[in-house]
Structure formats: C-alpha cells, structure tokens
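Shown next, in structure tokens, is the structure this report addresses.
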Amino acid sequence: MKQPWLAFCAIVLVVGLSLAGCATANKIQAARSTMDKARDAGAVYKAPFEYKAAEAYLAKAVRQAEKGDPKAAEAFAKESQAYASKALAMSGGGAK
C-alpha cells in the first residue's frame, strides 16, 4: 500500500526537477541569444563594459548550472540578460 505513494512521490520529484532545469536552460539560452545579437551589432567595441559583464555572468550561470545550482544559475543568467540587453541597446539595437 505504501509503495504506490512512494512511486508517485518519486515521479513528482523527477518531473519537478526536470522542469526547473528547463527553465534554467531557457534563461541561459535567452541570455546567450541576446549576447549574440549584441556582438553582431558591435557591442564589443561600442559597449565593452556591458558586453564583458554579460559574458562573465553568462559563464557563471553555465558553471552554476553544471554544478547543479539552478537558483544561482538563474540569477546569473538574469544579470547576463540585463547587461546583454543594455549592450545591445547601446550598440544600435541590432545588426544593420
């Protein structure tokens, strides 16, 4: 009688952890995509501080995700996204 509950709890745990991992991966990918757009727009030269900050935060996000810390990874991905967006805006908003 207790085993079905145990199996159910295990399934809920696995699904919950996989969904958390997907959210983290999506945030990292969004930051990476914005960084690519900023780089294509010339942010490396037009907004070097913001671009390098985005790059550093993205590296930290990836490192934390690899270590299994999704909260830290999401926080660093959010910072990376913010700096990448600012770099993109400062460099003209996109590739011409």
Filter pass, V62 being in contact with a Phe, Trp or Tyr (Cβ under 6 Å, 6 or more places away or on another chain) and either of a type outside the set (K, R) or part of a helix (DSSP H, G or I) (or both): no
Residue ID - farthest from A23 (Cα to Cα), chosen from residues in segment 37-96 that are acidic (D, E) and over 13 Å from the mean Cα position of the chain (by Cα): D40
Single residue of A23, A82, A10, A30 found to be surrounded by fewer than 18 Cβ atoms within 10 Å (Cβ to Cβ), among the small types (G, A, S) and modelled with pLDDT of 95 or more: A82
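The values are calculated or read from the model by the stated rules, or taken from the named source; none is laboratory data. This is a predicted model, so every value here is computed, not measured. Methodologically, a virtual Cβ is constructed for each residue, glycine included, from the backbone with ideal geometry; neighbour enumeration extends over all protein chains shown.
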